[in-house]
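> First, the structure itself, so that you have it in front of you.
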Amino acid sequence: MASKAKTRAARIPLTYVVALVPVAAALNIVGGTIRSALQLPIFLDMIGTAVTAIVLGPWWGALVGAITNIVNSFLSGPISLPFAVVNVVGALVWGYGHRWGWGKTNVGFFLLNILVAFLCSVTAVPIYVFIFGGATGHFSDVMTAAFLAMGQNLIVSVFSSNILVSLADKIISGYVALAIIEALPANLTQNLMLPKAEGLNRIILPVVGVVIGVAVMLIAIAVAS
Amino acid sequence: MNKTVGAKEGLGAGVIGIGLMMLFLPGASQNIADLDFVASEPFSILLGAVYVLGVIIILAGLGVIFGNFDSEE
């Protein structure tokens, strides 16, 4: 019973939820807007989803993901609405993965981000291929074209390009979320099963994670060029 | 005003989010089909999206069935 109590989400004051959900959705939208403006080869629209899914729970994260893509569909066109499903899947994997204790060690948290990237790609590829014909105007289309030129079929090409971009994106998002969670009030984060770090390591750990994500992103750029 | 929320309310909020997505899907399907580079028909876009959302709603239902809400304070 005690172990069950540990894995169950604690009750959270409603005021925190009312504050965190809109801010997380806004963070996602701002991240996506920065990505569009700078033409970055990642998505950056799931940082708030990760924070909410880990701190509040998977289904609160799903709500943030849905709100993000619905608002984005008004701001930047209808393309983003079908990808709300990807945001929801990311929230569920981050949320339940954390709740089941998969992210309480450094290695576990890194692998959880990779699992999120893989399952998001598995969800996104059918949307790319069957709705948009393999291209939506994102940087990953360049990589898809490169893989197609190598003789791969469309599904394999889209998956190959998307998994590279998604790996970089989810590793960066996961560790930026970790840094944000460290900065949240202690009574909101005291029951979380995240990698324990003291002193300077609390900064070093997210930075190392982001650096790994950026390295994956550079590999993606190298593949594209 | 010390109202707290837990997994049960989170699940409800997530299902509301999925419901909101479903409300916007018919209009978005038509808008997506109208894009120059999209060859799909609105019906097939809507069909695929509804299938995927159906799977997520089933997961939410499993969350309700297997969730441990009774012992929450």
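> Report, by residue number, each residue of the range A:188-215 that is within 23 Å of residue A:100 (Cβ to Cβ) and not hydrophobic (A, V, I, L, M, F, W, C).
Residues satisfying the conditions are A:189, A:190, A:191, A:195, A:196, A:206, A:209.
> So which residues in the range A:80-111 are in contact with a Phe, Trp or Tyr (Cβ under 9 Å, 6 or more places away or on another chain), surrounded by fewer than 22 Cβ atoms within 10 Å (Cβ to Cβ) and of a type in the set (A, V, I, L, M)?
A:111, the sole residue that qualifies.
This table checks each residue for (1) touching a strand residue (DSSP E or B) at 6+ places or on another chain (Cβ under 6 Å); (2) surrounded by fewer than 15 Cβ atoms within 10 Å (Cβ to Cβ); (3) at pLDDT 90 or above.
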position	(1), (2), (3)
B:8	no, no, no
B:23	no, yes, yes
B:36	no, yes, no
B:41	no, yes, no
B:49	no, no, no
B:58	no, yes, yes
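> Can you say whether residue A:72 is within 12 Å of the chain's Cα centre (by Cα) and either surrounded by 24 or more Cβ atoms within 10 Å (Cβ to Cβ) or modelled with pLDDT under 90 (or both), as far as the supplied structure shows?
no
> Regarding residue A:155, is this residue crowded, with 22+ Cβ neighbours inside 10 Å and at pLDDT 85 or above?
No; evaluated as a whole, the condition is false for this residue.
> Suppose we filter the range B:34-67 for residues that are within 30 Å of residue A:13 (Cα to Cα) and without any contact (Cβ under 8 Å) to a residue 40 or more places away in the chain; how many remain?
8
> Quick one: how many residues across the range A:75-103 are more than 13 Å from the chain's Cα centre (by Cα), touching a residue at least 24 places away in the same chain (Cβ under 8 Å) and within 10 Å of chain B (Cβ to nearest Cβ)?
5
> A follow-up question, please. Suppose we filter B:54, B:48 for residues that are part of a helix (DSSP H, G or I) and within 10 Å of another protein chain (Cβ to nearest Cβ); which single one remains?
Result: B:48 is the single residue among B:54, B:48 that is part of a helix (DSSP H, G or I) and within 10 Å of another protein chain (Cβ to nearest Cβ).
> Right, something else. If I go through the range A:26-46 residue by residue, how many of them are in contact with a Ser or Thr (Cβ under 7 Å, 6 or more places away or on another chain) and crowded, with 24+ Cβ neighbours inside 10 Å?
Count: 3.
> Within the range A:105-118, can one find any residue that is within 10 Å of chain B (Cβ to nearest Cβ), part of a helix (DSSP H, G or I) and modelled with pLDDT of 90 or more?
Within the range A:105-118, not a single residue is within 10 Å of chain B (Cβ to nearest Cβ), part of a helix (DSSP H, G or I) and modelled with pLDDT of 90 or more.
> Could I ask something else about it? Restricted to the range B:34-45, and to residues that are assigned to a helix (DSSP H, G or I) and facing chain A (nearest Cβ under 10 Å), which residue is farthest from residue B:10 (Cα to Cα)?
Step by step, filter the range B:34-45, then rank; the result is B:44.
> Moving to a separate point now. Give just the number: which of (1) among the aliphatic types (A, V, I, L, M); (2) more than 17 Å from residue A:60 (Cα to Cα); (3) more than 10 Å from chain A (Cβ to nearest Cβ) does residue B:64 not satisfy?
That leaves (2) as the condition not met.
> Can you tell me which residue in the range A:41-68 is nearest to the other protein chains (Cβ to nearest Cβ), limited to those that are part of a loop (DSSP other than H, G, I, E, B), more than 20 Å from residue B:55 (Cβ to Cβ) and not aromatic (Phe, Trp, Tyr)?
It comes out as A:56.
> Among the residues of the range B:14-32, are any more than 7 Å from chain A (Cβ to nearest Cβ) and not in a helix (DSSP H, G or I)?
No, the range B:14-32 contains no residue that is more than 7 Å from chain A (Cβ to nearest Cβ) and not in a helix (DSSP H, G or I).
The values are calculated or read from the model by the stated rules, or taken from the named source; none is laboratory data. Here the structure is a predicted model, which means the values were calculated and not measured. Virtual Cβ from ideal backbone geometry, glycine too; neighbours counted across all protein chains shown.
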